[in-house]
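All remarks here apply to the structure that follows.
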Amino acid sequence: MANKKIYKTESGELVYGVMAEFANPAELSHAAEKVRDAGYTKWDVYSPFPVHGMEEAMGMKQTNLPILVAIMGLSGATIGFLFQLFVRHMAYPIVHQGKPSDAWQVLIPVTFEFGVIFTAFSALLGMFVINGLPRWNHPLLRKDRFLGVSDDRFIIAIEAADEKFDAQGVKTMFEKAGATAVELVTEEADKRKVKAAH
Amino acid sequence: MSAINPDQTTAARLAGMMRAPEPPRVDDPVTKDGSLVEDPAVRAPLVLGNRTFNDVTETVCGYIEKGPGRWWMPAFGLASSVASITGLMVGYLIITGVGVWGLNNHVDWAWDITNFVFWIGIGHAGTLISAILCLLKQKWRTSINRAAEAMTIFAVVCAGMFPGIHIGRVWMAWMLFPIPNSNAIWPNFSSPLLWDVFAVSTYATVSLLFWYMGMIPDFATLRDRAARRLMRQGDNAPTLPIVGVRVDQLRALIYGALSLGWRFSSRHWHTYEKAYLMLAGISTPLVLSVHSIVSFDFATSVIPGWHTTIFPPYFVAGAIFGGFAMVLLLLIPSRILFPGMKDLITLRHLENMAKIILTTGFMVGFAYAMEFFVAWYGANAYERDVFVYNRLMPPFLAGEDGKYAPYWWAYWTMIACNVLSPQVFWIKSMRQSPLVIFIVAFLVTIGMWFERFVIIVTSLHRAFVPGEWGMFYASWVDILTFVGSCGTFLTLYLLFTRFLPQFAMSEIKNVMPQANPHWEGYGHHGHGHSAGGAAAGGHATHHAPQAPKEGI
């Protein structure tokens, strides 16, 4: 990483990357395959809905979220079970309906609810953490063209941080892949970053 | 209109100033709106009118940005006035005591718990549609899941109120929480009433998370549309009166905060879909458990008529039955009040829901019959008498002893509404007619309220010894509290139609044929195919914009 290049426009703005628009999901998938085969690593595909087969087209790895959620869910159930056992057996032991205070059967419904609530929160919050959300600003979100993605546009963006990034090369590749428009995306005007780059 | 060039039209539509022109429609005699296809080889379209992705966005966002129409304000005024009755009645109850209800020593649960079970049951259809139909890959759910999930939340809000206020001393409600009270006494974890607290609060929380998660991409769409309009309109953007804030500025801020910076990245979508699937997976056993636990409130007691092992599946089936009826009660008027919805909620959607009503109607019918069978087969005199002389026997069929069930009219209302009325759905033209479906759904909703009334009040009003016998008469506070809760529900639903996306836009776009990269309209290679159904005529233009290639 020693020879990491820093891209700037002539006016001195840092370059975030290059984005290209494609006409439809089919074109988008084909283009994603080309970008994947060209060996880029820091890039992403933006579409109004999850395009079928995009994981393969992008060469994406399966997310670890299910493992995280399973661990959290089971921990939640365990916590719920032990908590009830503590209450019923230690904090306030009562013989109720002739059952011993450490009977486990009556604890199952609430144990299940504890497991469910931990699972639900960890699925949602884990998704945010893995995706780096919430994030209220992003260089792409300042592009008028990019805002169309939430409606009906399809865009691929390659970041300048990618090892193989070369503005002209990326542009040529996108055009060959059938992009209807290619645009340069600059970082947000953060003075400190620009200064550090000098 | 033809004088405006296509670019201006597109710009106007993107800026939210113009709606897409409606193509004239002619209903097909067989397939009606086109969704009632008989041929099993042909997949019924889920979105009608050869809509483009942009049309879906316009339809859904249009009702938020331009308002649902002139009917909304009067409807909201009426609903919120009725809702305010809830506040008055609850306030009156708290300052006076539960004696203001018709409860007495014999019937100590009546409308309060009836309303609780009624509302919580209604919520279940929302979770069924969003979770179970998701796991079963039923694509038709995408058009109705958002509204159904919203309905779930609002029904749970109405439901949650009743157990909270029926305890009498409302300020002691904190004793429901799993914390020791001032005498170091903890709640009893072996009580179904405590399980119920956990089940319902978990259900409310998970439903809210599920609903919110589904809306994140749609919030982002609303945010981006507002941001784009601000860019285009500049200083001409409309502002709020008095405050002077630009409306779109406010939208970009609020929807932007709610969307958490969602930017439709495929890597995000991948995790999102996994998380969504897991939430659906966990909601499925949850929804089944919630009404099972609600039924334990009754089934674990020794009251004849309650002490029944069939209660959990019977309650769950009844909840889905009543919930689907409420979904239909909301969506059928919505199709009229929001004309753009007819392309998204097709007659096929209504027919499918009518079939679910018919199926679950049979399940509850079976449960009603099975209760009688077990009462007879179990040979318990008390239980048999509860069913025959507390519920079934009308006065005109009473034997020589003159014994009859005082609440026979409630029981037979339940049977007529829940078992008999859905039978019209055997006839195809009936289950394809929105009016008939609406009427049946209305009857089912009444029937399901009576089901809970029958279970609770008729079982309690005559217990083991005649000294415990007594009738229940609802007081005006009982009635107005229930009416008020309906108003609360409707108020929340109207607010939802005004400010939140009523459809899961990204999910609907995903089930449209042109969302598939292998759709025949794209060919298998080559460039320059325009998306969005060439048959749509004027709509295809937005998809392959001939934007000038911009250099770097």
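So is B:Val316 assigned to a loop (DSSP other than H, G, I, E, B) and of a type outside the set (S, T, N, Q) or not?
no
Filter the stretch A:39-79 for residues that are among the β-branched types (Val, Ile, Thr), closer than 21 Å to A:Phe165 by Cβ and either open to solvent by less than 10 Å² (accessible area, probe 1.4 Å) or touching a His at 6+ places or on another chain (Cβ under 6 Å) (or both) and give the result.
A:Val45
Report every pair of residues separated by at least 6 positions or lying on different chains whose Cβ atoms are under 7 Å apart, first residue within the stretch A:20-38 and facing another protein chain (nearest Cβ under 7 Å) and open to solvent by 10 Å² or more (accessible area, probe 1.4 Å), second outside any helix (DSSP H, G or I) and among the charged types (D, E, K, R).
none
For (1) free of Cβ contacts under 8 Å to residues at least 24 places away in the same chain; (2) farther than 17 Å from B:Phe154 by Cβ; (3) not small (Gly, Ala, Ser), each residue gets a yes or a no:
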residue: B:Gly69; (1), (2), (3): no, yes, no
residue: B:Val82; (1), (2), (3): no, no, yes
residue: B:Val100; (1), (2), (3): no, yes, yes
residue: B:Gly123; (1), (2), (3): no, no, no
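Considering (1) closer than 28 Å to B:Thr52 by Cβ; (2) under 18 Å from the mean Cα position of the chain (by Cα), say which one A:Val35 fails and leave the rest.
Status for A:Val35: all satisfied but (2).
Return yes or no: is B:Tyr314 touching a Cys at 6+ places or on another chain (Cβ under 9 Å), hydroxyl-bearing (Ser, Thr, Tyr) and in contact (Cβ under 8 Å) with a residue 24 or more places away in the chain?
The answer is no for B:Tyr314.
Looking only at residues that are within 7 Å of another protein chain (Cβ to nearest Cβ) and part of a loop (DSSP other than H, G, I, E, B) in the stretch A:130-149, which one is surrounded by the most Cβ atoms within 10 Å (Cβ to Cβ)?
Looking at the filtered set, the residue picked out is A:Leu133.
Is it the case that some residue within the stretch A:91-102 is modelled with pLDDT of 90 or more, surrounded by fewer than 17 Cβ atoms within 10 Å (Cβ to Cβ) and more than 7 Å from chain B (Cβ to nearest Cβ)?
No: zero hits.
Could you give me the residue pairs with C-beta distances under 6 Å whose first residue belongs to the stretch B:148-161 and is closer than 12 Å to B:Phe482 by Cα, whose second residue is part of a helix (DSSP H, G or I) wherever it lies, and which are 6+ apart or on separate chains?
B:Cys158/B:Trp119; B:Cys158/B:Ser485; B:Cys158/B:Thr488; B:Cys158/B:Phe489; B:Ala159/B:Phe116; B:Ala159/B:Trp119; B:Ala159/B:Ile120
Which ones in the stretch B:229-274 are at the interface with chain A (Cβ under 9 Å from one of its Cβ atoms), assigned to a helix (DSSP H, G or I) and among the aliphatic types (A, V, I, L, M)?
Within the stretch B:229-274, B:Met231, B:Ala257 qualify.
Looking only at the stretch B:278-293, filter to residues that are within 14 Å of B:Leu136 (Cα to Cα) and more than 9 Å from chain A (Cβ to nearest Cβ); which one of those is least open to solvent (accessible area, probe 1.4 Å)?
B:Ala280
Scan B:Phe296, B:Phe372, B:Phe366 and give me the residue that is in contact with a helix residue (DSSP H, G or I) (Cβ under 6 Å, 6 or more places away or on another chain), without any contact (Cβ under 8 Å) to a residue 24 or more places away in the chain and surrounded by fewer than 24 Cβ atoms within 10 Å (Cβ to Cβ).
Going through B:Phe296, B:Phe372, B:Phe366 in turn, just one is in contact with a helix residue (DSSP H, G or I) (Cβ under 6 Å, 6 or more places away or on another chain), without any contact (Cβ under 8 Å) to a residue 24 or more places away in the chain and surrounded by fewer than 24 Cβ atoms within 10 Å (Cβ to Cβ): B:Phe372.
What is the one condition in (1) surrounded by 21 or more Cβ atoms within 10 Å (Cβ to Cβ); (2) out of contact with any Ser or Thr (no Cβ under 7 Å at 6 or more places or on another chain) that B:Val170 does not satisfy?
Going through (1) surrounded by 21 or more Cβ atoms within 10 Å (Cβ to Cβ); (2) out of contact with any Ser or Thr (no Cβ under 7 Å at 6 or more places or on another chain) one by one, B:Val170 breaks only (1).
What pairs can you find where one residue is in the stretch B:209-235 and over 15 Å from B:Ser506 (Cβ atoms) and of a type in the set (Lys, Arg), the other is in a helix (DSSP H, G or I) and open to solvent by 10 Å² or more (accessible area, probe 1.4 Å), and their Cβ atoms are less than 7 Å apart, with a gap of 6+ or different chains?
Hits for this filter: B:Arg228/A:Asp144; B:Arg228/B:Leu14.
Of the numbered conditions (1) loosely packed, with under 15 Cβ neighbours inside 10 Å; (2) in contact with a Pro (Cβ under 9 Å, 6 or more places away or on another chain), B:Trp186 fails exactly one; give the number of that condition.
Of everything listed in (1) loosely packed, with under 15 Cβ neighbours inside 10 Å; (2) in contact with a Pro (Cβ under 9 Å, 6 or more places away or on another chain), B:Trp186 misses just condition (1).
Residues checked against (1) touching a helix residue (DSSP H, G or I) at 6+ places or on another chain (Cβ under 6 Å); (2) surrounded by fewer than 21 Cβ atoms within 10 Å (Cβ to Cβ); (3) over 30 Å from B:Gly467 (Cα atoms); (4) modelled with pLDDT of 90 or more:
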position: B:Ile85; (1), (2), (3), (4): yes, yes, yes, yes
position: B:Val90; (1), (2), (3), (4): yes, yes, yes, yes
position: B:Gly102; (1), (2), (3), (4): yes, yes, no, no
position: B:Thr114; (1), (2), (3), (4): yes, no, no, yes
position: B:Ile120; (1), (2), (3), (4): yes, no, yes, yes
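With the requirement that a residue be open to solvent by 20 Å² or more (accessible area, probe 1.4 Å), among the hydrophobic types (A, V, I, L, M, F, W, C) and over 28 Å from B:Thr96 (Cα atoms), what does the stretch B:429-462 give you?
Selection gives B:Met430, B:Leu435, B:Val436, B:Phe438, B:Ile439, B:Phe442, B:Leu443, B:Ile446.
Pick from B:Leu277, B:Leu288: which is part of a helix (DSSP H, G or I), touching a residue at least 60 places away in the same chain (Cβ under 8 Å) and not small (Gly, Ala, Ser)?
None of the others qualify; the one that does is B:Leu277.
Assuming A:Ile158 fulfils every condition listed in (1) within 9 Å of chain B (Cβ to nearest Cβ); (2) surrounded by 22 or more Cβ atoms within 10 Å (Cβ to Cβ); (3) closer than 30 Å to B:Leu222 by Cβ; (4) touching a residue at least 24 places away in the same chain (Cβ under 8 Å) apart from one, which condition is it?
Here A:Ile158 meets the rest and fails (1).
Taking the stretch A:104-113 as the search range and keeping residues that are touching a residue at least 12 places away in the same chain (Cβ under 8 Å) and more than 7 Å from chain B (Cβ to nearest Cβ), which one is nearest to A:Leu74 (Cα to Cα)?
Across the stretch A:104-113, the extreme among qualifying residues is A:Thr111.
A:Gly126 is checked against (1) part of a helix (DSSP H, G or I); (2) more than 9 Å from chain B (Cβ to nearest Cβ); (3) surrounded by 20 or more Cβ atoms within 10 Å (Cβ to Cβ) and fails just one. What number does that condition carry?
(2)
The values are calculated or read from the model by the stated rules, or taken from the named source; none is laboratory data. Quick caveat, the model's predicted, so the values are computed rather than measured. Heads up, the Cβs are rebuilt from the backbone with ideal geometry, glycines too, and the neighbour counts pull from every protein chain shown. Side chains included, ligands, DNA and RNA excluded: accessible areas come from the protein's heavy atoms. Shrake-Rupley method; radii C 1.70, N 1.55, O 1.52, S 1.80 Å.
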